[in-house]
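The values are calculated or read from the model by the stated rules, or taken from the named source; none is laboratory data. Small disclaimer: the values here were computed from a predicted structure and weren't measured. All Cβ positions, glycine included, derive from the backbone under ideal geometry; neighbour counts span all protein chains shown.
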Amino acid sequence: MRIAVFSAQPYDKQFLEQENSQHGYELSYFDQQLNEANAELCKGFDAVCAFVNDDLSAPVLNRLKAHRVKFIAMRCAGFNNVDLVTAKSLELPVVRVPAYSPEAVAEHTLALILTLNRKTHRAYNRVRESNFTLNGLLGFNLHGKTVGLIGTGQIGLATAKILNGFGCKLIAYDPYPNPEYVSLGGHYVELEQLYSRSDIITLHCPLNEGSYHLVDEASISRMKEGVMIINTSRGGLVDTKALIAGLKSRKIQALGLDVYEQESQLFFHDHSGKIIDDELFERLQSFPNVLITGHQGFFTEEALTQIAAITLNNLTCLAGDQPCENELTHAIS
Ligand code: NAI
């Protein structure tokens, strides 16, 4: 099987090559994001392996089909960038990696919470400058604080387990309650209550039509004064303009983002030395209480090993005409 790997970074190559020793597929790596303009590159390939910011909208899928691509393998969990209805109608099966290491993203969520709270990023710089003053570094105990989780699937649950260890009170909203979360001692509440009661709100739900801009001006207005908001899921879950207004009014005390709505223009590439034209991103960067990381929640050795293994196994299933439990197009009627 010939596989075209898009948005390929050196680490993708490293982990895919390691796993491919068991499969012997022919892998070609393109560092570009897949889009309509470069879909020609897929000519002669049996499968396309794509990531979070590749464009798999209807026009691109049509081109892939015309180039006789047979399978699409997402090497990620989220699939908001794939038009599944079109893929199904074109008989282009799409597979993904639903869970590789929920702990990787959960642990990164905690890294954002702890850094924002105890300001270790600022302390590091101060101590290196031989400045040992503590003014401005004041934090709060996580113990006893109420954390609101939006989404209690794999990552939400892994995050809840860690927060439970910190002695936090857990409340959550999810249309499909998870018994494992309840057995941890967590409670489900309506979104309204989650907004009004949480000291920290952390997002762990997928981006879809129902969750787009879930955190907007109206929901922020219902949150506690001084709330901390963390988003390690997808940028489109939050309205960036509303976040900026919330930061300016001091309603939001701290904001941690591993994802950003316009991230496809920025993330996974080196823009140092260039001028960034995104005014909203630059405004976010100007706040001392905002911490942004470039979609690295998944970025651990364990997760990359799992992603590579599951991606290639998914393709082996499809090529062998075997049922694949990670196929997304199955669920489309
Ligand atoms: P999952 O499918 O196990 O859990 C998602 C949960 O969200 C489910 O329980 C579902 O019922 C719930 N949900 C759906 N719509 C909701 C809504 N409107 N409000 C509240 N809950 C809702 O998914 P998993 O593995 O926990 O991943 C969650 C998200 O994390 C993914 O969709 C992806 O966007 C993001 N992610 C981010 C990564 C990163 O590197 N930062 C890496 C992997 C995933």
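The table that follows gives values for the structure above.
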read-out	value
Residue in segment 220-227 that is within 25 Å of Ser101 (Cβ to Cβ), more than 9 Å from the ligand (Cβ to nearest atom) and buried (at least 22 other Cβ atoms within 10 Å of the Cβ) present	no
Odd one out for Val82, checked against (1) without any contact (Cβ under 8 Å) to a residue 40 or more places away in the chain; (2) hydrophobic (A, V, I, L, M, F, W, C); (3) in the same structural domain as Ile307 (by TED's automatic domain parsing)	(1)
Residue list for segment 174-198, filter: more than 13 Å from the ligand (Cβ to nearest atom) and within 22 Å of Asn289 (Cα to Cα)	Ser196, Arg197, Ser198
Segment 311-333 - residue that is surrounded by 13 or more Cβ atoms within 10 Å (Cβ to Cβ) and hydroxyl-bearing (Ser, Thr, Tyr) and, of those, farthest from Asp83 (Cα to Cα)	Thr316
From Ile171, Ile201, residue being surrounded by fewer than 22 Cβ atoms within 10 Å (Cβ to Cβ) and either within 13 Å of the ligand (Cβ to nearest atom) or part of a helix (DSSP H, G or I) (or both)	Ile171
Given (1) surrounded by 14 or more Cβ atoms within 10 Å (Cβ to Cβ); (2) farther than 30 Å from Leu184 by Cα; (3) in contact (Cβ under 8 Å) with a residue 12 or more places away in the chain, index of the condition Ser89 fails	(3)
Scope segment 22-47; condition touching a strand residue (DSSP E or B) at 6+ places or on another chain (Cβ under 9 Å), over 19 Å from Val60 (Cβ atoms) and part of a loop (DSSP other than H, G, I, E, B); matching residues	Tyr25
Single residue of segment 90-107 satisfying the filter (within 12 Å of the ligand (Cβ to nearest atom) and in contact with a Phe, Trp or Tyr (Cβ under 8 Å, 6 or more places away or on another chain)) that is modelled with the lowest pLDDT	Tyr100
